[in-house]
1. Quick one: 3J(HN,Hα) in Hz for the range 89-95, Karplus 6.51/-1.76/1.60 with θ = phi - 60°, rounded, Gly and Pro as x.
2. If r is the Cβ-Cβ distance from E216 to K22 and R0 is 41 Å, what FRET efficiency results, to the nearest 0.05?
3. Accessible area, 1.4 Å probe, largest first: how do E16, E91 sort?
4. Filter the cross-link list K154/K179; K22/K89; K89/K209 down to pairs whose alpha-carbon distance in this structure exceeds 22 Å.
5. May I ask you to derive the FRET efficiency for D15 and R194 from their Cβ-Cβ distance with R0 = 41 Å, giving the value to the nearest 0.05?
Amino acid sequence: MVPVGVEIKETEVSDEDFEEMKAFVRDYLAASVESEEDGGRMRWYPWHSADYRFNHILNVVDLATEIAESEEADVDVVRVAAVFHDVAKLEVDQDVHAEAGARVAREYLTSRGNYPESFVDEVCGAVVDHSYTGDLDDVPLESRCLIEADVLDKVGANGAVLMLLRMGYESRTHMDAAKMVDRVLQRAHDHTERVVSDSAESIAHRRIKRVKWLCEWLEEEVSRMDSDGVTSR
């Protein structure tokens, strides 16, 4: 007999099942790129390759799981939604990738497991919601956890490194590094304004501190160009 007041968890996703989901998403992203004659809709931007996108998904899974556990959300709904949230990112336009990803998630969950309809609906709802740009108090808790995690992956050392990679791609010199990382820092503050949970705010502050340190170090160590184009020392 289940004690009174103890919630019965309707769905539990095993680690083995979750690993299969990750493998499916990885292969789906790779196939999305390979299926196009030009090498992928965003292949010209190296960090939007299948490898980059899958790494972003894994980052979001980890962040979303941490937030969901802290906020007492349904962790299985959150982590499954997280692994599918960008599955269609490389094959459709940005403004419809959330809905397309939800369709892929629904097809997978209904054909490869005995998941209750309510669980599938919650997962797909969170996938659709992850592109929502409004007040996070207006979406379900599980959607909020995913949105916060997606936002936070843009904040921190990872975001700074991506910006520095972009510098090389755009043939910029290291002289612009401090300026570019400062841009990451400003964007981090903007992104952090969206999160509402204490756990997400805590993660954001830790990550912003790292970027702030990097920005300060770069400003101190990288030579500046004066108005005459001569390196100042």
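1. Values per residue, Gly and Pro as x: 4, 8, 10, 9, 5, 3, 6 Hz.
2. Values: r = 37 Å, r/R0 = 0.90.
Given R0 = 41 Å and the Cβ-Cβ separation, E is 0.65.
3. Order by accessible area, largest first: E16, E91.
4. Working: K154/K179 17 Å; K22/K89 15 Å; K89/K209 30 Å.
With Cα atoms farther than 22 Å apart: K89/K209.
5. Numbers: r = 31 Å, r/R0 = 0.75.
Using R0 = 41 Å, I get an efficiency of 0.85.
The values are calculated or read from the model by the stated rules, or taken from the named source; none is laboratory data. Keep in mind that what you see is a predicted model, and the values were worked out from it rather than measured. So basically every Cβ, Gly included, is an ideal-geometry build from the backbone, and we count neighbours across all protein chains shown. Only protein heavy atoms, including side chains, enter the accessible area calculation; ligands, DNA and RNA are left aside. Shrake-Rupley method; radii C 1.70, N 1.55, O 1.52, S 1.80 Å.
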